[in-house]
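K.L.:
Okay, here's the structure, questions in a sec.
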Number of protein chains: 2
Amino acid sequence: MKPYKELDKQELLALKDTLEKEFEVTKGKGMRLNIARGKPDFNQLDLSMPMMDEINSKSDMRTLLGNDTRTYGDLDGIGECRRLMAAMMSVEKDNVVICGNSSLNIMYDTVSRSVTQGVNGHTPWCKLDEVKFLCPVPGYDRHFKITEYFGIEMINIPLYEDGPDMDLVEKHVNNDPAVKGIWCVPKYSNPTGISYSDETVRRFANLRPAAPDFRIYWDNAYSLHHLYPDNRDEILSIKEECDKAGNPDMYYIFSSTSKISFPGSGISAIASSPANVKHILHQMSIQTIGHDKINQLRHARFFKDFAGLQAHMDKHAELMRPKFELVADTLEKELGGLDIGVCTRPRGGYFISFDSMPGCAIDIVAKCKELGLILTEAGASYPYGKDPQDTNIRIAPTFPELPELKEAVLAFALCVKLVSVNKLLRENN
Amino acid sequence: MKPYKELDKQELLALKDTLEKEFEVTKGKGMRLNIARGKPDFNQLDLSMPMMDEINSKSDMRTLLGNDTRTYGDLDGIGECRRLMAAMMSVEKDNVVICGNSSLNIMYDTVSRSVTQGVNGHTPWCKLDEVKFLCPVPGYDRHFKITEYFGIEMINIPLYEDGPDMDLVEKHVNNDPAVKGIWCVPKYSNPTGISYSDETVRRFANLRPAAPDFRIYWDNAYSLHHLYPDNRDEILSIKEECDKAGNPDMYYIFSSTSKISFPGSGISAIASSPANVKHILHQMSIQTIGHDKINQLRHARFFKDFAGLQAHMDKHAELMRPKFELVADTLEKELGGLDIGVCTRPRGGYFISFDSMPGCAIDIVAKCKELGLILTEAGASYPYGKDPQDTNIRIAPTFPELPELKEAVLAFALCVKLVSVNKLLRENN
């Protein structure tokens, strides 16, 4: 088939007619599918169920250092868990503070603390007229919701194959003292799946911020989430590069096992310099009596060490790979050559990112909804939910079983075609 | 023995000499004991260990409504856990939001949210020149640390046998729009162990705050923590009384199982009106993907219902009662008639509160430290750590075994005597 843009009006009208009939047939099937959020499937969850046997009523509940995990103490987390997360985060154990069940909560707390208390003794952001964050786009909607909630101005930065537009990042960070942070998902990014190149990481580490309280919010959520065990992306350690560049306090690394063990019942952690960790722990000493150490013990005993984590994630990869390939293959087959949209083929992470023709994403998502297929809201991957080109759609292929997923992708492709034809017809008039 | 105050200088000097010798002997024993924090003992923790068998790798992980606890969803908590906590908090299930492992963290978040976002649409406190909290004293140090951390001015309110000085509370709350909250531990209060009378609760519910965003911070931490199963304190439901008084949004109730199951690995909850819950859930939707539902399931299955919780707490009472009685009996025996201090005899909670002669508490705590006995810092039960009379000392009798506890209390009594004699001698000069 030739590109839609080369079709004349008659051809487009004929195509529209065919597609609309197909749409009605699909609608008649009464599909009910949700591929909006990155949600593990049941087989993935089952991989971690043996963890539940690590602790029973007869277990020794003490850490390797002999501390009872059932009571107060170890505010920064139990040693074996800090060691485990340190390996995962490419830092030392002393850089790590284990937190609750959600790294999102740590990011929220980190921003919230900066708003009310300031960063390491600097002016609290609530006392400033202007606070800005850089937001590589498309990006993670929940990052943007946090900064929006606190009234922080967000600035879009294009995200390329090797990371954010670093010329633009440097321009903003190095010149504007109101720029206090940047949201990064450096590996298998949400939603495009790209990983930052070594040069990108080094340019981050070598920023010379106009604001002394500028920090890089390094959400390494998918550090172990490869699809191809023999072809993994590797990124440089932001901690090591910042240390080398003389910017030891410039980063906060966030991580969790939400998509390794259980979403909502995993372990999360923040890693940073000793100076930053000191401030974090001071806040925590006001905020909490400490996080759930029994769950930390459960995780540490189940995964044992970094190799254990990696072996576990290889099993995840086996389950996930066919789903990602199904989506990318199907979209290529359905849309290839039509020039009405492209999807990414990530080597890891949780999402496939689709870019439609400009001005079509909202309509595609709406059309899919008519068919009973729920996608992430169009625009969600942009600050304020506003995709300036209205092109980006995030597809989360992990949850459905393969046959359902196939059905969903075909329905999606159909909607892309139909919306694109309508768009071209409007432009034709 | 007659009251120290009736001793003349010679008698005091002789007494001082005897006590100092006794002090040196005790010091020589090299005691190492800590009764600073309300920490359950190992037998108490063991009571909850069977909970660990409620969930294993073969368990059905679904809630009664069929939701999988291993993945995202149920932001407000799983139904069975909300029901359980609702019974404990004397509210309905729909009033309850289950949170993480620590009610302190909910209180922190509640204050923090009020500072940055405001209460239900009212001006964020960070935009106000003056924000004040009322603090019944002596009270819980960690409450005061939260309000201090956020720069909120704290006003001492005397706490009597039946609750705070309500005339004073009404005067401040009903007249000063800067007064935004009051910290309450309404049952078996920390540290004095008193419970609020029905009249006190009703006067709370009938406040007519000058500030529309005034809230009662009702930390019902010890609602089930009686020492005498046949002689329990009961307090009115602040929710029901506020509803009756036409003040449905005026309270936040906080609770947790920290001292029922495991400190740090329990379940916490906040309960409030539908309007307040809506704002809490909105914040939570920004802050987290949800709390640990597997731990909620573990708790719900273990305790089953309110009767299960109560039966469990009767077992705690058996373990705790001898410790509380030992402390009170020993202090009465050692100090009775000397008129140099009095201790409470609580019917529940986690603490015994001791009041020395004015100007002695700091010195007593320091003397104890010389003997290797760590007490809660003097003044901790007052805002800013400043006890105006320097009299109050909080004793946490729960953790040590009885023989150790006896040793500790004798050492404490010795220090009280010595410091009191020294004080009287100084006054004599």
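The values are calculated or read from the model by the stated rules, or taken from the named source; none is laboratory data. Every value quoted in this text rests on a predicted model; they were computed, and no experiment measured them. Note that we place each Cβ from the backbone using ideal geometry, even for glycine, and neighbour counts take in every protein chain shown.
K.L.:
When A:Lys323 is evaluated against the numbered criteria (1) charged (D, E, K, R); (2) over 20 Å from the mean Cα position of the chain (by Cα); (3) at negative phi; (4) away from chain B (no Cβ under 13 Å), which criterion, by number, is the only one it fails?
P.N.:
(2)
Conditions (1) farther than 19 Å from B:Ser90 by Cβ; (2) touching a helix residue (DSSP H, G or I) at 6+ places or on another chain (Cβ under 7 Å), marked per residue:
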{"site": "B:His225", "(1), (2)": "no, yes"}
{"site": "B:Arg232", "(1), (2)": "no, no"}
{"site": "B:Leu236", "(1), (2)": "no, yes"}
{"site": "B:Lys239", "(1), (2)": "no, yes"}
{"site": "B:Asp249", "(1), (2)": "no, yes"}
{"site": "B:Ile253", "(1), (2)": "no, yes"}
{"site": "B:Ile260", "(1), (2)": "no, yes"}
{"site": "B:Gly264", "(1), (2)": "yes, yes"}
{"site": "B:Ser272", "(1), (2)": "no, yes"}
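K.L.:
Then there is this: Residue check: is A:Pro209 outside any strand (DSSP E or B), more than 28 Å from A:Ile260 (Cβ to Cβ) and either at pLDDT below 95 or more than 14 Å from chain B (Cβ to nearest Cβ) (or both)?
P.N.:
yes
K.L.:
Residues in segment A:311-320: is at least one buried (at least 17 other Cβ atoms within 10 Å of the Cβ), more than 30 Å from A:Ala413 (Cα to Cα) and either among the hydroxyl-bearing types (Ser, Thr, Tyr) or at pLDDT 95 or above (or both)?
P.N.:
There is at least one residue in segment A:311-320 that is buried (at least 17 other Cβ atoms within 10 Å of the Cβ), more than 30 Å from A:Ala413 (Cα to Cα) and either among the hydroxyl-bearing types (Ser, Thr, Tyr) or at pLDDT 95 or above (or both).
K.L.:
Residues of segment B:397-420 being of a type in the set (Val, Ile, Thr) and over 24 Å from the mean Cα position of the chain (by Cα), which ones?
P.N.:
B:Val416, B:Val419
K.L.:
Next question, about the same structure. From B:Ser268, B:Ser285, which residue is within 14 Å of chain A (Cβ to nearest Cβ), of a type in the set (S, T, N, Q) and under 30 Å from A:Asn56 (Cβ atoms)?
P.N.:
One residue alone meets the criteria, B:Ser268.
K.L.:
Can you list residue pairs whose Cβ atoms sit under 8 Å apart, with the first residue in segment A:78-89 being more than 22 Å from B:Ser265 (Cβ to Cβ) and the second being assigned to a helix (DSSP H, G or I) and hydrophobic (A, V, I, L, M, F, W, C)? Count only pairs 6 or more apart in sequence or on different chains.
P.N.:
A:Ala87/A:Phe306; A:Ala87/A:Leu309; A:Met88/A:Phe306; A:Met88/A:Leu309
K.L.:
Identify, please: which residue in segment B:212-256 is of a type in the set (Asp, Glu) and within 20 Å of the chain's Cα centre (by Cα) and is, among those, surrounded by the most Cβ atoms within 10 Å (Cβ to Cβ)?
P.N.:
Per the criteria, the residue is B:Asp219.
K.L.:
I've got another one for you. State all residues of segment B:374-411 that are within 17 Å of B:Asp41 (Cβ to Cβ) and not in a loop (DSSP other than H, G, I, E, B); if no residue qualifies, say none.
P.N.:
B:Ile374, B:Ile395, B:Leu402, B:Pro403, B:Glu404, B:Leu405, B:Lys406, B:Glu407, B:Ala408, B:Val409
K.L.:
Given the conditions (1) away from every other protein chain (no Cβ under 14 Å); (2) in contact (Cβ under 8 Å) with a residue 40 or more places away in the chain; (3) surrounded by fewer than 19 Cβ atoms within 10 Å (Cβ to Cβ), which single one is not true for A:Gly341?
P.N.:
(3)
K.L.:
Is there any pair linking a residue in segment B:137-157 that is more than 14 Å from chain A (Cβ to nearest Cβ) to one that is part of a helix (DSSP H, G or I) and surrounded by fewer than 22 Cβ atoms within 10 Å (Cβ to Cβ), with Cβ under 6 Å and at least six apart or on different chains, and which?
P.N.:
Taking only residues 6 or more apart or on different chains, the pairs are B:Ile157/B:Leu168.
K.L.:
Another question, then. Can you give me the number of residues within segment B:305-316 that are without any contact (Cβ under 8 Å) to a residue 40 or more places away in the chain and not hydrophobic (A, V, I, L, M, F, W, C)? Write out each step before concluding.
P.N.:
Let us first name the residues in segment B:305-316 that are without any contact (Cβ under 8 Å) to a residue 40 or more places away in the chain, namely B:307-308, B:311.
With not hydrophobic (A, V, I, L, M, F, W, C) added as a condition, the list becomes B:308.
Here the count works out to 1.
K.L.:
With outside the structural domain of A:Pro158 (by TED's automatic domain parsing), touching a strand residue (DSSP E or B) at 6+ places or on another chain (Cβ under 8 Å) and acidic (Asp, Glu) as the only criterion, which of A:Asp355, A:Asp339 stands out?
P.N.:
On the way: A:Asp339 fails: touching a strand residue (DSSP E or B) at 6+ places or on another chain (Cβ under 8 Å).
Being outside the structural domain of A:Pro158 (by TED's automatic domain parsing), touching a strand residue (DSSP E or B) at 6+ places or on another chain (Cβ under 8 Å) and acidic (Asp, Glu) holds for just one of A:Asp355, A:Asp339, which is A:Asp355.
K.L.:
Does any residue of segment A:229-248 turn out to be within 14 Å of chain B (Cβ to nearest Cβ) and not in a helix (DSSP H, G or I)?
P.N.:
No, segment A:229-248 contains no residue that is within 14 Å of chain B (Cβ to nearest Cβ) and not in a helix (DSSP H, G or I).
K.L.:
Would you point out which residue out of B:Lys127, B:Lys171 is within 14 Å of chain A (Cβ to nearest Cβ), of a type in the set (Lys, Arg) and out of contact with any helix residue (DSSP H, G or I) (no Cβ under 7 Å at 6 or more places or on another chain)?
P.N.:
Only one candidate passes the filter, namely B:Lys127.
K.L.:
Would it be correct to say that A:Ile289 is at pLDDT below 95, more than 20 Å from the chain's Cα centre (by Cα), within 14 Å of A:Gly77 (Cα to Cα) and crowded, with 17+ Cβ neighbours inside 10 Å?
P.N.:
For A:Ile289, the condition - at pLDDT below 95, more than 20 Å from the chain's Cα centre (by Cα), within 14 Å of A:Gly77 (Cα to Cα) and crowded, with 17+ Cβ neighbours inside 10 Å - is met.
K.L.:
If you don't mind, another one. Please go through (1) touching a Lys or Arg at 6+ places or on another chain (Cβ under 7 Å); (2) among the aromatic types (Phe, Trp, Tyr); (3) assigned to a helix (DSSP H, G or I) for A:Phe133 and return the number of the only condition it doesn't satisfy.
P.N.:
(3)
K.L.:
Given the conditions (1) in contact with an Asp or Glu (Cβ under 7 Å, 6 or more places away or on another chain); (2) within 28 Å of A:Glu6 (Cα to Cα); (3) touching a residue at least 60 places away in the same chain (Cβ under 8 Å); (4) surrounded by fewer than 22 Cβ atoms within 10 Å (Cβ to Cβ), report the number of the one that A:Cys360 does not fulfil.
P.N.:
(4)
K.L.:
Next question, about the same structure. Report, by residue number, each residue of segment A:200-211 that is in contact with a Pro (Cβ under 8 Å, 6 or more places away or on another chain) and surrounded by fewer than 21 Cβ atoms within 10 Å (Cβ to Cβ).
P.N.:
Answer for segment A:200-211, where residues must be in contact with a Pro (Cβ under 8 Å, 6 or more places away or on another chain) and surrounded by fewer than 21 Cβ atoms within 10 Å (Cβ to Cβ): A:Ala210, A:Ala211.
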